[in-house]
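Colleague: Right, I'll just put the structure down here and ask away after.
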Protein chains: 2
Amino acid sequence: MPSISKENYLKAIFIGNRADKKPLTTTEIASRLEISNAATSEMARKLADSGLIKYEKYKGLRLTKKGERIAVNVIRRHRLWELFLLKVLKLNWAEVHDEAEKLEHISSEKLIDKIDEFLNYPKFDPHGEPIPDKNGELPNLPKTIKLSETEIGKEYFVIKVDDSSNELMNYLTKIGLKLYEKIKVADKLKFDNSVIIMLKSKQINLSKKVAESIFVSESSINLSRN
Amino acid sequence: MPSISKENYLKAIFIGNRADKKPLTTTEIASRLEISNAATSEMARKLADSGLIKYEKYKGLRLTKKGERIAVNVIRRHRLWELFLLKVLKLNWAEVHDEAEKLEHISSEKLIDKIDEFLNYPKFDPHGEPIPDKNGELPNLPKTIKLSETEIGKEYFVIKVDDSSNELMNYLTKIGLKLYEKIKVADKLKFDNSVIIMLKSKQINLSKKVAESIFVSESSINLSRN
DNA sequence: TTACAAAGTTAAGCACACCTAAAATAATTA
DNA sequence: TAATTATTTTAGGTGTGCTTAACTTTGTAA
């Protein structure tokens, strides 16, 4: 079982993973984890020694199958805790992330499975990110586009929101925009690139920045696993 | 905020605290935490430096008010988590303790308060140990005696059980003996010092060892805080 | 194609929390 | 009381994960 620190490196590598599969640089990992380059170089060597990543000096690094399994498991633990803390224990957005960040490293497999069961095997976390199952399988996600890139007049389902800002989550909660809801794009203003949507006959104007943080799909998704 | 390690020392000192209030020895703490004497001596110095314990070399140590506040808070976190894991997430006795042992150190005040609220401000953990409230106040406990020291023919309420053995907890669960239940001492056998009790018209023979691990009172207790 | 800036690695050192072994102190017994 | 034994502390050392500073490699612009 890798240390908390090692789990965080593996998770950062998994999440930072690029679409083109090119190796990540140690610098990218360092900046993501907010530690020095030096620490990352050193850790890269250790992780490579234990077969968790593939690493060539000056060339970057990528997860091995073994490392990926661990990373996916950490992400499973994180996302289940986030959902649990928000829905069951009613923590707010700001608290949920930080708390899950700690809990993900110290929860036994058994505890996580119990939480999974309690929540009835959810497929998505509160931001719409997929929750890997016990075997590391991710649920299918429909293809999503940014709300800012939608077509006027069409209907969409809200599938995912950027999880990096609690401010955004609070705002969306306040205006009543929830995941999986159907919306209609009423208009898009050239002037400021804001998007006007219809949500249950209510008209809402979303700024460019907000519209770029909301991911929608033309098809809805099946939420439960069984 | 003290480190996990420091919290464990403070907790061990609080729990090991003697009735006569005499200072504990570093050796006692070391054995409780299963670490070397040397480590404990060193830590005693550090804790004394930060004003969490009073420590005189070769003379033993005791908590200061400040140290006690922290210890009680750790115990609050532990006992709330134990109850939560057992009742809500249905972990078994063996898992509950180890898990709580980790969770108690990384849970924010806010999270603990939410758990407290979810459980409706319980006064006792699953072993019958009192749960300190947010201010560190412990609920009143009735005077208890060991089941092995009761009088034949009298009725008692089960108040507390020794929390050091999961085996015992499993056994009590199996025979259906729960906390707060009323029992009648039917007989006590001189032969093997076992105790025969009536539990809801069912007769159960408890061995000397079991009877010494169960604490009872003649009066029942008020379970909820409000 | 070279030379130099940016990116990345190694080296040396620190804090923490532990260890074993040796030294110091306290307690016990002759 | 002195000697012996038991307890407790100090000294020196280890592994982890971080730091800054110095060095090496890589990529780019002249």
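Colleague: So how much accessible surface do B and A hide from each other in total, probe 1.4 Å, in square angstrom to the nearest 100?
Modeller: 1700 Å²
Colleague: Turning to a different aspect of this structure: Quick one: in chain A, what % of C-alpha pairs are over 30 Å apart?
Modeller: 33 percent
Colleague: Compute accessible area for the range B:107-133 by itself and then with all protein chains, 1.4 Å probe, and report residues whose area falls by 40 Å² or more.
Modeller: B:LYS110, B:LEU111, B:LYS114, B:PHE118
Colleague: Could you pull out the pairs from A:LYS90/B:LYS123; A:LYS46/A:LYS66; A:LYS184/A:LYS208; B:LYS54/B:LYS134; A:LYS87/A:LYS114 whose alpha carbons sit more than 18 Å apart here?
Modeller: Over 18 Å Cα-Cα: A:LYS90/B:LYS123; B:LYS54/B:LYS134.
Colleague: Calculate how large, on average over all directions, the projected area of the Cα convex hull of the protein assembly as shown is; give the answer in nm² to one decimal.
Modeller: 29.4 nm²
Colleague: If you don't mind, there's one more thing I want to ask. To test your reading of the geometry: what angle, between 0 and 90 degrees and rounded to tens, separates the Cα axis of helix B:109-118 from the longest principal axis of chain B?
Modeller: 10 degrees
Colleague: With axes computed from alpha carbons, what is the tilt in degrees of helix A:166-175 against the longest principal axis of chain A, rounded to the nearest 10 within 0 to 90?
Modeller: So the helix axis and the longest Cα principal axis differ by about 30 degrees.
Colleague: Could I ask something else about it? Please work out the FRET efficiency for the pair B:SER165 and A:ARG69, using the Cβ-Cβ distance as r and a Förster radius of 35 Å; give the result to the nearest 0.05.
Modeller: The pair B:SER165/A:ARG69 has a calculated efficiency of 0.45.
Colleague: Moving to a separate point now. If you count only protein heavy atoms with a 1.4 Å probe, what accessible area per residue comes out for the protein assembly as shown, rounded to a whole Å²?
Modeller: In whole numbers, the protein assembly as shown has 54 Å² accessible per residue.
Colleague: Under the rule of at least 5 residues apart or a separate chain, name every residue whose amide H is placed under 5 Å from the amide H of A:LYS188.
Modeller: A:ILE196
Colleague: Using only DSSP helix segments of four residues or longer, with each worth -39500 (n - 2.57), what per-residue ellipticity at 222 nm results for chain A after dividing by its residue count and rounding to 500?
Modeller: Calculated mean residue ellipticity at 222 nm is -13000 deg cm²/dmol.
Colleague: Round to the nearest 10 and give me the degree value, 0 to 90, for the angle of helix A:4-16's Cα axis relative to the longest principal axis of chain A.
Modeller: Taking Cα atoms only, the helix is inclined about 50 degrees.
The values are calculated or read from the model by the stated rules, or taken from the named source; none is laboratory data. For clarity, every value in this text was computed on a predicted model and none was experimentally measured. When we count neighbours, we look across all protein chains shown, and the Cβ atoms used for this are built from the backbone with ideal geometry, even at glycine. The protein model used for the area step is the full one, side chains on, heavy atoms only, and it has no ligands, DNA or RNA in it. Shrake-Rupley method; radii C 1.70, N 1.55, O 1.52, S 1.80 Å.
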